[in-house]
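Inspection log for the structure reproduced underneath, given as structure tokens.
The values are calculated or read from the model by the stated rules, or taken from the named source; none is laboratory data. Predicted, not measured: the structure shown is a model, and the values here were computed from it. Positions of Cβ are backbone-derived with ideal geometry, glycine not excepted, and every protein chain shown enters the neighbour counts. Areas reflect the complete protein model, heavy atoms only, side chains present, ligands, DNA and RNA absent. Shrake-Rupley method; radii C 1.70, N 1.55, O 1.52, S 1.80 Å.
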Amino acid sequence: MVALALVVLLALGATGWFLARRDSNAARHLAREQRTADALRTARDALIGFAATYRNSLHPDADFGYLPCPDLDGDGSSETCGVQGDTRVGRLPTLTLGLPDLRDGDGECLWYAVAGSFKNNPKADILNPDSTGRFQLLDAAGAPRSLPGDQAGLAAAVIFAPGPPLPTQQRQSSTGRCGGDLSASAVGAYLESLQPLSGPGVLTVDPRGSTGNDRIVWITGDDIMRALKARASFASHLNTVLDATADCLRRAGGPAPARIESTANGLQLGRVPAFSGNAGACTSAGLRDAVENWGELMRYARCTDGTACLSSATGPCRGVLLFGGERLPAGQPRVTDADKALAAHYLESTTLAALSARQLGGLPSRILIPFARLSEPASADVAVCLP
């Protein structure tokens, strides 16, 4: 009887030891996953914050919205990355972002890829809410995942936690601070989900399957735009850009629009023409970048006979500067050149009707703050009278 009891106790002890070991392994795995998730979230928040505050004391002549280049040489800082439009991957630039030593649950430094359409050095010709990303994410079935907030369903940036090395990956030890080693160019030794690793086209991110262990989070242009709209000063910035453009049009004496899209009812409607030299506030060093970025969302109309044929709440107008704002989810695609050549893809039907009737009094003349809802497009058109 004593022997049987001893066997039972030993069996219970072994079972308890096994369960404790299993629970301990599960707890360690959970802790690693949590550390990875925390690191990725911290990096993502820092990158969005960088873009939303880009026009600061360090970049007073730039517009908002740019993401930093990766760390390509292992010093922890962002630098010039490739040519214009080139998408690049490297280490997360922790020093540039003001982050501490940031690692995943397996002690590996984070990696980061940025689209050429959003990177800060060298910049794209135009960056605004219509800019599309360059990263096509695949879902668990290997099908393309369409990300909301981007017209093409693509990501503007992806942050990677590489996890432990795979059998085919040979890595250097990284005992120092992230950004203090020489592995920043050895992308293939850490990431297996990004293909190709750089270039001007769309890159595929495929983190699925048992052959890889990358963990990822991503950023879309809409994520950056929501962060900008949350800032009380952002609408004031856009109004300044609008006023500066109107100033240039007045000083130029109401020139013909560029890329004329309509000539109905005695009005020429098209793009804002290019300005050079000392043509007004829109050509100042502090506003050139922003005017170029947001000019794509503007339209300009003038009375073809040179009279003040338009009426507004402030009086008669010889022309009008129109700001279309963010696109509506349906009916206003702005991807191709053909899309962008249609005024109806920027201006609401009520705006076009008011323009046709030459009565602008019902349209606001300022971009209103605060924005009504951060998750919805700020699509209300604005009309600035040009007397």
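Taking 51 Å as R0, compute the FRET efficiency from the Cβ-Cβ separation of A252 and D139 and round it to 0.05.
0.50
Ignoring everything except DSSP H segments at least 4 long, calculate the 222 nm mean residue ellipticity for the chain; use -39,500 (n - 2.57) per segment, divide by total residues, nearest 500.
Dividing the helical sum by the residues of the chain leaves -8500 deg cm²/dmol.
Please list the non-local residues whose amide H lies under 5 Å from the amide H of L137, H modeled 1.01 Å from N, same-chain partners needing a gap of 5 or more.
The list, which skips near neighbours in sequence, is R145, A155, V205.
Radius of gyration and Dmax for the chain's Cα atoms, expressed in Å?
26.9, 114
With an 8 Å cut-off on Cα pairs and a minimum separation of 6 or more residues, tell me the relative contact order of the chain in percent.
Once normalised by length, the contact order is 14 percent.
Which FRET efficiency, nearest 0.05, do T304 and L30 yield, Cβ-Cβ r, R0 56 Å?
The calculated FRET efficiency here is 0.20.
Ordered by residue, what ³J(HN,Hα) values in Hz, to whole numbers, does the range 126-140 give under the Karplus form 6.51 cos²θ - 1.76 cosθ + 1.60, where θ = phi - 60° and Gly and Pro are x?
Whole-Hz 3J(HN,Hα) from phi for the range 126-140: 9, 9, 7, x, 8, 5, 9, x, 9, 10, 8, 8, 9, 8, 5.
Explain nothing, just compute: Karplus ³J(HN,Hα) = 6.51 cos²θ - 1.76 cosθ + 1.60, θ = phi - 60°, for every residue of the range 310-326 in order, whole Hz, x for Gly and Pro.
For the range 310-326, the Karplus-derived couplings read 9, 10, 9, 5, 9, x, x, 9, 7, x, 8, 9, 10, 10, x, x, 6 Hz, x marking Gly and Pro.
Could you give me the ³J(HN,Hα) list for the range 254-263, computed from phi with Karplus coefficients 6.51, -1.76, 1.60 and θ = phi - 60°, whole Hz, x at Gly and Pro?
The phi angles translate into x, x, 5, x, 8, 6, 4, 9, 7, 10 Hz.
Measuring from label point to label point, each 7 Å out along Cα→Cβ, what is the A232 to L58 span in nm?
2.5
Given the whole protein assembly as supplied and a 1.4 Å probe, what does the accessible area of D45 come to in Å², nearest 10?
Answer for D45: close to 90 Å² accessible.
Would you mind computing, in nm to one decimal, how far apart the modelled labels at E79 and T263 are, each placed 7 Å from Cα along Cα→Cβ?
Modelled inter-label distance: 5.4 nm.
What distance in nm separates the simple spin-label points at D243 and A313, each placed 7 Å from Cα in the Cβ direction?
Modelled inter-label distance: 1.7 nm.
Would you list E376, E292 from the most to the least accessible area, probe 1.4 Å?
Descending accessible area places them as E292, E376.
Which of the helices in the chain meet the span-like rule: DSSP H, Cα axial reach of 20 Å or more, Kyte-Doolittle mean at least 0.0?
Helices meeting the span and hydropathy rule in the chain are 2-52, 234-251.
Express the carbon and sulfur contribution to the solvent-accessible surface of the chain as a percent, rounded to the nearest whole number, probe 1.4 angstrom.
57
As a test of reading the structure, rank T36, T168 by solvent-accessible area (1.4 Å probe, protein chains only), most first.
Order by accessible area, largest first: T168, T36.
Can you give me the accessible area per residue for the chain, using a 1.4 Å probe, in Å²?
46
Would you work out the charge dipole size for the range 192-343 about its Cα centre, treating the Cβ of every Lys and Arg as +1 and the Cβ of every Asp and Glu as -1, and quote it to the nearest 20 debye?
440
Compute, for H237, the solvent-accessible surface of its heavy atoms (probe 1.4 Å) with the complete set of protein chains present, and express it in square angstrom to the nearest 10.
20
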